[in-house]
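Reviewing the structure listed below.
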Amino acid sequence: MTSPQLLVATVTPFTADNHIDYTLLDQHVRWLERCGVDGVVPTGTTGGFLYLTTHEKRAIHRAVIGVTRNARVIPCVWDPQRKETLFLARQAAVDGAWGVISPPPLYHRVCEAAIVEWYAAIVDAVKIPVLAYHHPRTGNPLSIALIRKLIDDVGCWGVKDSSKDPERVRILSDAYPERVYVGGDNFLGQAEALGPIAGHVSGFANVYPESAVRGIRGTIPRDALLAAMNAVRAAGGPPAMAARLGMKHRPPLHIFDADAVAALSKPSFTPLGGLL
């Protein structure tokens, strides 16, 4: 069993006039890679994909792929229109992404056949790995049986599982060794309990990648890691992380507690100076 990877679900930086800040995006991704992360997942839940246009997503994917050296890039290619999802998947493959990830159709409940068709279309569109994405909040959670069908019959490479259920993750990782990425940060450093996972997809690592890397390796006290995670969560999640890094965020996302953001310990990164 190889060591679990650390992938960062990257935040999306904006300028004061609400455009993508590509300069800061470039700096951020380079910094994360220098800090030892194994890969990045742009334009996912943490990256605010619901508030990005297809053009913006494609441009972000191309920019991130262009600045990484060894990190695995797995863009989230979801769009409510399947043709746009397929466009993003194809372009990510052309640009050099290692793979792509997509949730199922969101919000409105759909039947299992529609979810199977959704992923089959993506798998047919590209020759790079396609990851399904289970998140209970999507409105269309992926059961273990459905994930088995998506991998065994449809051809998905694997799955990102954000269930926060270690028993479920263990069942999946035992069935598909090193093809399950665990979403969320609560299980960082607990690989033995989760089985042969591929790794973690972390939001917390946007701000504290060194701590997340140490969490993967088991070289940081668990209590210290959890305290830092909880502080980021209490400060407001992705908008708070962006703010602590000196980034702007896009409305309607906003900071809930400016004092909590200010109280977060300073990361070793600033927009103007990169690594301190």
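The values are calculated or read from the model by the stated rules, or taken from the named source; none is laboratory data. Since we're looking at a predicted model, the values are computed, not measured. Cβ coordinates were reconstructed from backbone atoms using ideal geometry, including for glycine residues, and neighbour counts include every protein chain displayed. When the accessible area is computed, the model is the full protein with side chains, heavy atoms only, and any ligands, DNA or RNA have been set aside. Shrake-Rupley method; radii C 1.70, N 1.55, O 1.52, S 1.80 Å.
Worth a mention:
- With respect to the conditions (1) in a helix (DSSP H, G or I); (2) modelled with pLDDT of 95 or more; (3) out of contact with any strand residue (DSSP E or B) (no Cβ under 6 Å at 6 or more places or on another chain), residue 169 falls short on a single one, namely (3).
- Taken residue by residue, the stretch 253-265 has at least one member that is farther than 20 Å from residue 39 by Cβ, open to solvent by less than 70 Å² (accessible area, probe 1.4 Å), acidic (Asp, Glu) and over 18 Å from the mean Cα position of the chain (by Cα).
- Selection count where residues are closer than 16 Å to residue 131 by Cα and either among the polar types (S, T, N, Q) or more than 19 Å from the chain's Cα centre (by Cα) (or both), scope the stretch 92-114: 1
- Check on residue 15, touching a residue at least 12 places away in the same chain (Cβ under 8 Å), under 24 Å from residue 218 (Cβ atoms) and surrounded by fewer than 18 Cβ atoms within 10 Å (Cβ to Cβ): no
- Close pairs from the stretch 218-236: first more than 22 Å from residue 4 (Cα to Cα), partner among the acidic types (Asp, Glu) and open to solvent by 50 Å² or more (accessible area, probe 1.4 Å), Cβ under 9 Å, at least 6 apart: 234/257; 235/257; 235/259; 236/257
- Pairs with Cβ under 8 Å, 6+ apart, first in the stretch 112-125 and closer than 11 Å to residue 156 by Cβ, second part of a helix (DSSP H, G or I) and aromatic (Phe, Trp, Tyr): none
- Test result for residue 195, touching a Phe, Trp or Tyr at 6+ places or on another chain (Cβ under 6 Å) and either surrounded by fewer than 19 Cβ atoms within 10 Å (Cβ to Cβ) or more than 19 Å from residue 41 (Cα to Cα) (or both): no
- Within the stretch 183-197, the residues that satisfy the criterion of being in contact with a helix residue (DSSP H, G or I) (Cβ under 8 Å, 6 or more places away or on another chain) and either at pLDDT 95 or above or not charged (D, E, K, R) (or both) are 186, 187, 188, 189, 190, 191, 193, 194, 195, 196, 197.
- Residues of the stretch 130-159 that are closer than 14 Å to residue 99 by Cβ and either touching a residue at least 60 places away in the same chain (Cβ under 8 Å) or hydroxyl-bearing (Ser, Thr, Tyr) (or both): 133 alone.
- Residue match in the stretch 225-235 (condition: in a loop (DSSP other than H, G, I, E, B) and over 24 Å from residue 22 (Cα atoms)): no
- Conditions (1) in contact with a His (Cβ under 8 Å, 6 or more places away or on another chain); (2) closer than 29 Å to residue 16 by Cα; (3) not in a helix (DSSP H, G or I): number failed by residue 242: (3)
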